[in-house]
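A quick write-up on the structure given underneath.
Every number here is computed from the coordinates shown, using simple stated rules; none is lab data. None of the values given here were measured: they were computed from a predicted structure. Neighbour counts run over all protein chains shown; Cβ positions are idealised from the backbone, glycine included.
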Ligand code: TRP
């Protein structure tokens, strides 16, 4: 279902907390995604994929440390938790529940083809081991958990490195299958690969990556940063001899931080035979210029983990204001229902119900800062108006109860709603029924 053109673009970014953030993460993901999050018309979701970390890290202290470091890095780099939804995956219990729903519409054969799993398999086969040696079911299921991350918040765009594109395509596939089976619930996500944010080479010239052990930590102390930069591999040309920019890791890293003029200046210096020691000093100073103010914020944040914990819990509430009612709807769609609420008419449903349906709108009132919702009929007329809630999740919870219990909930929720007359009560009840039916219309009903 196409979203209307005025709806904000939902962008979702996740990082697995399995190590210490390095310059490659900064240049390839953090810097760009933080900048994008303040662009007008963009609604951003940033999260720490700690359930994913369990797949590759079995050291609890390292997961805790890494989660803290990555959260602090994002905040230090300017992520504004007021403006974006910033949370920890494991604070959203709807994600594992959605994972199960998606598991049940995902072909095992699709997962057999996932790169991360296949790479391990190929390695085992090459070694003559059992093909499934060291393969946990977690590794196999990795793409489904990732699909749930994305579909839970109906993200349109997911900025990722090329190695993750296949996972986004799988998420798309899961959304399509689910929608086909249970009605239009999920937005189909697209991967966003920004070729301008090239991968950064590491100390040895290969891609900077934890698995190559060639990284430069993003927030290392100054002296350590300088030492690491000094160990970048160069050729053996002496000062005075012209140097090649082509294939020079040092040059490429410089370029990732410098503007066009600065890059041109270094290109000339290379041609004029700058010594490697001097070139490394230039690189160090250029990186430090950008990183030093961020490092100061990072250090302050790392010294106050309770504040980060607090920020993440507030973010989780904001995220759950969306995930809870959405999961209520999905549970109903697949048939996990209140038995007392009557059965839907299934295949007998009329197409007319699908074409236009009632909807809930949540919003925040500028005047009092409180959170409200209303129920609109198929033509957009307000049928039901809520009172103000102090948090979006309270509003979300009330919507969830209305979706689940429909007309029966109106009496118990009376204090949270503007009063209705008999006619209004009837209209609201009908709309809630129609909404439940529309979300459960099966394919043969279309
Ligand atoms: N798999 C991603 C990585 O390792 C992290 C991740 C988990 C993610 N869930 C996601 C990224 C959802 C984007 C969207 O890099």
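Given a Förster distance of 45 Å, report the FRET efficiency between residue 408 and residue 309 from their Cβ-Cβ distance, rounded to the nearest 0.05. It would help to have the intermediate numbers written out before the result.
On the way: r = 39 Å, r/R0 = 0.86.
Here the calculated transfer efficiency is 0.70.
Which FRET efficiency value, to the nearest 0.05, do you get for residue 244 and residue 193 by plugging their Cβ-Cβ distance into 1/(1 + (r/R0)^6) with R0 = 22 Å?
Step by step, r from the Cβ atoms, then E = 0.20.
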Given labels modelled 7 Å from the Cα in the Cβ direction, how far is it in nm from residue 64 to residue 382? 4.9 nm
Simple spin-label model, 7 Å along Cα-to-Cβ: residue 127 to residue 212 in nm? 2.2 nm
In a GNM of the chain with a 10 Å cut-off on Cα contacts, which of 111, 336, 383 has the highest mean-square fluctuation? 336
Which of 110, 291 has the fewest other C-beta atoms within 10 Å, and how do the rest follow up to the most? 110, 291
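Just subtract the alpha-carbon distance of residue 118 and residue 340 from 0.36 nm times their residue separation and send over the number in nm, one decimal.
Values: separation 222, 0.36 × 222 = 79.92 nm, distance 4.63 nm.
Going from the current span to full extension adds 75.3 nm.
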Which value, to two decimals, describes the C-alpha radius of gyration of the chain once divided by 2.2 N^0.38 Å? 1.16
Highest-MSF residue in the chain out of 189, 17, 239 [GNM, Cα springs under 10 Å]: 239
Taking the alpha-carbon centroid of each part, what is the distance from the stretch 185-259 to the stretch 80-155 in angstrom? 29 Å
Can you work out the FRET efficiency for the pair residue 227 and residue 176, with r the C-beta to C-beta distance and R0 = 41 Å, to the nearest 0.05? 0.20
Along each of its three principal axes, how wide is the spread of alpha-carbon positions in the stretch 1-61, in whole angstrom units, largest first? 45, 28, 14
Stokes-Einstein at 10 °C, 1.306 mPa s, Kirkwood radius from Cα pairs: D for the stretch 342-439 in µm² s⁻¹? 114 µm²/s
Determine the gain in length on full extension of the stretch residue 296-residue 365; use 0.36 nm per residue of separation and subtract their C-alpha separation, reporting nm with one decimal. 21.2 nm
